[in-house]
Each structure stands twice: as C-alpha cells, then as structure tokens.
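The structure appears below as structure tokens.
Throughout, read-outs are computed from the coordinates displayed, never taken from laboratory work. What you see is a predicted model; the values in this text were computed from it and never measured.
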C-alpha cells in the first residue's frame, strides 16, 4: 500500500517524465528543424492531457478520479500514436521524421502512452483507499518540487501552443510541414 505522500511524489515524477518527452520533441523540432506533423501535434496535446491527472494529484492530493483522467488521456494519445504507427507500418516505408534511439517519435509515444496506462493500473491497485485528510489536501500544493513540475508543464503547454500557431497559422496544419507559416 502506497502512502498518500509517496503517491503524490510518484505523480511529481510522472510530470517530470512527461516534461522530458515534450522537451525532447521540442529539441528535435528546434535543433534538427523537423517540424511536427498534425498527428505529432495531437500526440503532444495527448501528453499535455496526460499531465492533468498528476497535476491534480500534486495540487489537490491523490484521488482515484485523477487516474481516470490520466487513463482517458493515455487512451486518446495511444490512439493518435497508434494511427501514425499504422500509417507507416508497410515494409520499406521510411516513416515520418528521423528515428530516435532506433524508433520514430510516434512509436515511442505509443510505448509511453501504454506505459502510462500500466502505471495508472498499478497505482490504482497499490493506493491507500483512505480519503485524503483536509490538512493533507492543504499541504498537497505546497511542495517545491511539485510546484516546479506543475510550472514546467504549464510552460511547455504554452510553448506547444505557440509553436503550433507559428507552424499552422490560423489554417489547417499542413500534412508535411516544411516551414513556420507565421514566420514567412
């Protein structure tokens, strides 16, 4: 059985893991100049949605409903990533973008979304069913590390929104983007 404190800490770690995924995607976009396709943008949005459950747990204390939100986001993100995997599954298809550690980002995204589903299942099995005390709820939003993790997610959400706006403008995003439309 996990204590509420341990559960909250594991959710902070989850936020840093989600942030790491988004930072690697941005680094690939900025340093290598590989603009994300529309499905890639949806996967990034899926990762931001995936962060909602851990943010709620860090700020309000652990609740089973927070894992429900995370599970729904992971299913949605896995659907986006799985769609892109299936688009490039034929032998000889080079895939979209450069591989990272032998796999394309959308394949890694699918793996991470499935891992998030499994992690939520394990957390639901191991969590303390006792309600979180009011004083624990008040302290939930106070840890510095939790605040940093939440702030990082908020910053990455803003960067993702700005990047998408620069890339797509106010129109439909191009299927194979080659430039930032708003920077032409």
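A few notes on this one:
- Remark: C-alpha extents of the chain on the principal axes read 53, 36, 27 Å, sorted largest to smallest.
- Adding -39500 (n - 2.57) for every DSSP H run of four residues or longer, then dividing by how many residues the chain holds, sets the calculated 222 nm ellipticity at -23500 deg cm²/dmol.
- Relative contact order of the range 1-149, defined on C-alpha pairs under 8 angstrom at six or more residues apart (%): 34 percent
- Here the range 1-57 is treated as a sphere whose radius is the Kirkwood value from Cα pairs; by Stokes-Einstein at 25 °C and 0.890 mPa s it diffuses with a coefficient of 196 µm²/s.
- Subtracting the Cα-Cα distance of residue 1 and residue 24 from 0.36 nm times their residue separation leaves 4.9 nm of extension gain.
- Between the range 1-66 and the range 150-182, the Cα center-to-center distance that results, in Å: 17 Å
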